[in-house]
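These notes are about the structure you will find just below.
The values are calculated or read from the model by the stated rules, or taken from the named source; none is laboratory data. Computed from a prediction, not measured in an experiment: that's the story for all the values here. Neighbour counts run over all protein chains shown; Cβ positions are idealised from the backbone, glycine included.
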């Protein structure tokens, strides 16, 4: 049998093994800010890569798990990047509430889709090819704070630095049930708006109150009205806090906003529109402050990425599988940073499913094996020696 057949045979005969690796990952609490869980899953992935002939480097941070860099082969020549994140959006204790389970062909559990299934596919496709006797120059980049937009690290800069010299990259993010592959992602600008008013007793002294919440309410309506899906951008005022009791005028209010956009050229215009609303005063004497938090850069569609998609489509056609089309995805990912480094990148090639970032998150079990085979076929083509 040839290399592809051997590698496919490994997948077919190691399905339980792959599911158990998936289960092991999901069973680790590696949610936002859970450093010990981030370290544990990083150690698991690092050990697995070492068995496949990779050497391991690490970047360490105070409040999240290490970034794992696995390297194999001569990286002075063009090489392939496999990448992903090991964290989830959930907080510590979620695994105990919703342990990994499989029901009627669907897997459930924190991060089962986003993106521990994808991590499993990345490691399994490498192992299948290794067992088939096919190793190639490769770098694996796994981060532990992608979900909070790298607020605990400088991983975007690390990814861009580590990507230098690569010929292509594959990000094993959440796959979609339509089988399409992401070639472009919208950017995400996150910001906080605070309003500062003056408190009072609303029964005894209402004329001296200046409601920070009322000021914010006017601003929220105008900010939400900036959304224009026909132009590819929309804003969401996602959280709000303010006030203390019902019988006191609120002296403070705070909202957190998320603005999604397609083109980087749109961002200055969007900032200008938001700043104009912030500068307005609807309630006398109330002041307003805006500040950026963390967000994601957009993943631009490039010619190199579209050529790489053709490789994936060829593999699908040759094997009689559904042919993936190009997808513009609204969510951010680290694929933005390999593209910024000039590297053709395919994203969303992980396990397929839906409802990620919710307790209803699920992943199709059969897609774990189908996507591993797709990745094996792609890797054989792009690393043809």
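A single member of 285, 366 is assigned by TED's automatic domain parsing to the domain that holds residue 220 and at pLDDT 95 or above, and it is 285. Checked against (1) out of contact with any strand residue (DSSP E or B) (no Cβ under 7 Å at 6 or more places or on another chain); (2) part of a helix (DSSP H, G or I); (3) farther than 20 Å from residue 232 by Cα, residue 269 passes all but a single condition, namely (3).
Here the condition is being surrounded by fewer than 24 Cβ atoms within 10 Å (Cβ to Cβ), over 28 Å from residue 366 (Cβ atoms) and touching a helix residue (DSSP H, G or I) at 6+ places or on another chain (Cβ under 9 Å); of 166, 144, 132, it holds for 166 alone. How about region 328-359: which of its residues are over 21 Å from residue 179 (Cβ atoms) and either crowded, with 16+ Cβ neighbours inside 10 Å or touching a strand residue (DSSP E or B) at 6+ places or on another chain (Cβ under 8 Å) (or both)? If the condition is that a residue be over 21 Å from residue 179 (Cβ atoms) and either crowded, with 16+ Cβ neighbours inside 10 Å or touching a strand residue (DSSP E or B) at 6+ places or on another chain (Cβ under 8 Å) (or both), then 332, 334, 336, 337, 338, 339, 340, 341, 343 are the ones that fit. Are any of the residues in region 62-82 crowded, with 21+ Cβ neighbours inside 10 Å, within 24 Å of the chain's Cα centre (by Cα) and either assigned to a helix (DSSP H, G or I) or at pLDDT below 95 (or both)? No; the residues of region 62-82 include none that is crowded, with 21+ Cβ neighbours inside 10 Å, within 24 Å of the chain's Cα centre (by Cα) and either assigned to a helix (DSSP H, G or I) or at pLDDT below 95 (or both). Here residue 103 passes the criteria (1) free of Cβ contacts under 8 Å to residues at least 60 places away in the same chain; (2) crowded, with 20+ Cβ neighbours inside 10 Å except the one numbered (2). I'd like to know if region 147-154 contains one or more residues that are closer than 25 Å to residue 11 by Cβ, in contact (Cβ under 8 Å) with a residue 60 or more places away in the chain and not assigned by TED's automatic domain parsing to the domain that holds residue 263. No: region 147-154 contains no residue that is closer than 25 Å to residue 11 by Cβ, in contact (Cβ under 8 Å) with a residue 60 or more places away in the chain and not assigned by TED's automatic domain parsing to the domain that holds residue 263. For region 318-327, enumerate the residues that are surrounded by 14 or more Cβ atoms within 10 Å (Cβ to Cβ) and touching a strand residue (DSSP E or B) at 6+ places or on another chain (Cβ under 8 Å). Once the filter is applied, which keeps residues that are surrounded by 14 or more Cβ atoms within 10 Å (Cβ to Cβ) and touching a strand residue (DSSP E or B) at 6+ places or on another chain (Cβ under 8 Å), region 318-327 yields 324, 326, 327. Scanning region 261-301 for residues that are more than 27 Å from the chain's Cα centre (by Cα) and either under 17 Å from residue 226 (Cβ atoms) or crowded, with 17+ Cβ neighbours inside 10 Å (or both) gives 272, 273, 275, 276, 277, 278, 279, 280, 282, 283, 286, 288.
If you go through region 302-317 one residue at a time, do you hit one that is buried (at least 16 other Cβ atoms within 10 Å of the Cβ), at pLDDT 95 or above and in a loop (DSSP other than H, G, I, E, B)? Looking for residues that are buried (at least 16 other Cβ atoms within 10 Å of the Cβ), at pLDDT 95 or above and in a loop (DSSP other than H, G, I, E, B), one finds at least one in region 302-317, hence yes.
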